[in-house]
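Notes follow once the structure below has been shown.
The values are calculated or read from the model by the stated rules, or taken from the named source; none is laboratory data. Model, not experiment: these values are computed from the prediction. Cβ: placed from backbone, ideal geometry, glycine included. Neighbour counts: every protein chain shown.
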Amino acid sequence: MSAPTDSAAAGTSPLHQAVNDALATVIDPELRRPITELGMVDSVQVSDDGKVTVAVLLTIAGCPLRETITADSQKALFAVPGVTAVDVQLKVMDQAQRDALKEKLRGEGGQRRIPFNEPDSLTKVYAVASGKGGVGKSSVTVNLATALAAQGLRVGIVDADVYGFSVPALMGITQKPTQVDDMILPPVAYGVKVISIGMFVAGNKPVAWRGPMLHRALEQFLTDVYFGDLDALFLDLPPGTGDIAISVAQLLPKAEILVVTTPQAAAADVAERAGTIATQTGQKIAGVIENMSYLEMPDGGRMELFGSGGGAVLTERLSATVGADVPLLGQIPLDIHLREGGDSGVPIVLGRPEASGAAALAKIAGQLAAKPRGLAGMKLGLQPR
């Protein structure tokens, strides 16, 4: 057997180049970027007989996805013609390497900040609000996010409903976030990066915090959690117009509000308050979503269990209040598959895309996807001639 050669000595070898190219296709499951780009490949050795030994640096010793990184690296390398054996050795970054990684991800100095407020941020931020609980706001959030991710968009969710967090269960997430010093890497499910206070609470323990603690928690989610460059970020707000709604307006002033209601007139009255807060915060209302609109009957008819027209009435009232057109983005029927998907942790738009509820949600997601990433206020670097 020939002695292995390291990357410096064999960098011009065709096989070695092919091995490096293969490693560049391995994506870190949390950061969603190539491990080569993140400085995670410590060394590569390639023997003349095709044996490859690669040392991969993990961010922390207890990385929960170490097996995934190993398996993905092996799969990519074994696909290279001429590779006969693969040995993936896992090491851990030292402090200097972690500091370099944080600076690469956060920018020069690796300082804590809210990236979605930066002048060059193109992320569309949607705060999903409702006047009261029980209207399906969290289910709508999860399905819209996963539907957009299925279209190839980069999407994140902040479960801002600290008291009534439910997004991890709806997404089937049991993994804890990975913490690299003061930077938190959110778990990823169905291509969506998710953070929730529920990931830090043991069992089903309640959270009993006053307003300042809620604000601090939301601020930490937005500054310490690394989401990367997103096309869309959804915030699942608690019902009503309390502390979190005010904090979102302060921390993310460019966020647009999606108001979820049911067809019932009383629900629309309450939901109007959640939307009208935009007049006080200066935020835009992206639209209204009417959930639980009707139940499809076996004979093809519809039963309107909660009445009808609440969504349309709400859009008219909000349009008049804010002085701008507020669209009714869609009406989502009652669908048992939506409930089943929530219980199993598989959103209906992925698990039962043929269902009527999934079709309605996908249509709404399509309207959000059609909105261009904003360029307002950006310096484009163009000079007049």
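Has the range 311-328 got any residue that is at pLDDT 95 or above and of a type in the set (A, V, I, L, M, F, W, C)? For the range 311-328, residues at pLDDT 95 or above and of a type in the set (A, V, I, L, M, F, W, C): present. Restricting the range 173-186 to residues that are in contact (Cβ under 8 Å) with a residue 24 or more places away in the chain and out of contact with any helix residue (DSSP H, G or I) (no Cβ under 7 Å at 6 or more places or on another chain), the residue that is nearest to Leu235 (Cα to Cα) is Pro186.
Among the residues of the range 323-358, those identified as of a type in the set (A, V, I, L, M) and closer than 16 Å to Gly136 by Cα are Leu329, Ile332, Leu334, Ile336, Leu338, Val346, Ile348, Val349, Ala358. Looking at the range 226-249, which of its residues are at pLDDT 90 or above and either more than 15 Å from the chain's Cα centre (by Cα) or of a type in the set (Ser, Thr, Tyr) (or both)? Within the range 226-249, Tyr226 is the sole residue that qualifies. Residues considered: Lys137, Lys91. Of these, the only one that is surrounded by fewer than 15 Cβ atoms within 10 Å (Cβ to Cβ) and touching a strand residue (DSSP E or B) at 6+ places or on another chain (Cβ under 8 Å) is Lys91. Comparison of Val88, Val80, Val19 shows that the only residue that is in a loop (DSSP other than H, G, I, E, B), farther than 27 Å from Leu153 by Cβ and out of contact with any Asp or Glu (no Cβ under 7 Å at 6 or more places or on another chain) is Val80.
The selection criterion, being surrounded by fewer than 21 Cβ atoms within 10 Å (Cβ to Cβ), farther than 18 Å from Leu148 by Cα and among the β-branched types (Val, Ile, Thr), holds for Val225. The condition (being farther than 21 Å from Gln179 by Cα, within 27 Å of the chain's Cα centre (by Cα), crowded, with 16+ Cβ neighbours inside 10 Å and among the hydrophobic types (A, V, I, L, M, F, W, C)) is satisfied by just one residue among Leu58, Leu31, Leu38, Leu23: Leu23. Tell me, please, whether a residue that is surrounded by 15 or more Cβ atoms within 10 Å (Cβ to Cβ), in contact (Cβ under 8 Å) with a residue 24 or more places away in the chain and in a strand (DSSP E or B) can be found in the range 159-167. Within the range 159-167, one or more residues are surrounded by 15 or more Cβ atoms within 10 Å (Cβ to Cβ), in contact (Cβ under 8 Å) with a residue 24 or more places away in the chain and in a strand (DSSP E or B).
Return the residues of the range 273-293 that are outside any loop (DSSP other than H, G, I, E, B) and surrounded by fewer than 20 Cβ atoms within 10 Å (Cβ to Cβ); say none if nothing qualifies. Matches in the range 273-293: Arg273, Thr276, Thr279, Gln280, Thr281, Lys284. Put simply, of Arg339, Arg317 the only residue that is more than 16 Å from Gly134 (Cα to Cα) and either without any contact (Cβ under 8 Å) to a residue 24 or more places away in the chain or in contact with an Asp or Glu (Cβ under 9 Å, 6 or more places away or on another chain) (or both) is Arg317. In the set (1) surrounded by 14 or more Cβ atoms within 10 Å (Cβ to Cβ); (2) in a helix (DSSP H, G or I), Leu329 fails one condition alone, (2).
Test Leu148 against the criterion of being at pLDDT below 95 and not polar (S, T, N, Q), and give yes or no. No. Looking at this structure, is Thr223 more than 14 Å from the chain's Cα centre (by Cα) and in a helix (DSSP H, G or I)? Criteria met by Thr223. Is it true that some residue in the range 174-194 is in a strand (DSSP E or B), among the charged types (D, E, K, R) and either assigned by TED's automatic domain parsing to the domain that holds Leu57 or touching a strand residue (DSSP E or B) at 6+ places or on another chain (Cβ under 8 Å) (or both)? Yes, some residue in the range 174-194 is in a strand (DSSP E or B), among the charged types (D, E, K, R) and either assigned by TED's automatic domain parsing to the domain that holds Leu57 or touching a strand residue (DSSP E or B) at 6+ places or on another chain (Cβ under 8 Å) (or both). Taking the numbered list (1) outside the structural domain of Asp161 (by TED's automatic domain parsing); (2) modelled with pLDDT under 90 in turn, Gly133 passes all entries but (1). Whenever a residue of the range 284-299 is more than 25 Å from Ala320 (Cβ to Cβ) and at pLDDT 90 or above, it has no partner that is among the aromatic types (Phe, Trp, Tyr) and part of a strand (DSSP E or B) lying with C-beta atoms less than 7 angstrom away and at least six residues away or across chains.
Does Ala278 qualify as being in the same structural domain as Leu235 (by TED's automatic domain parsing), of a type in the set (Gly, Ala, Ser), touching a Lys or Arg at 6+ places or on another chain (Cβ under 8 Å) and over 22 Å from Leu237 (Cα atoms)? The answer is no for Ala278.
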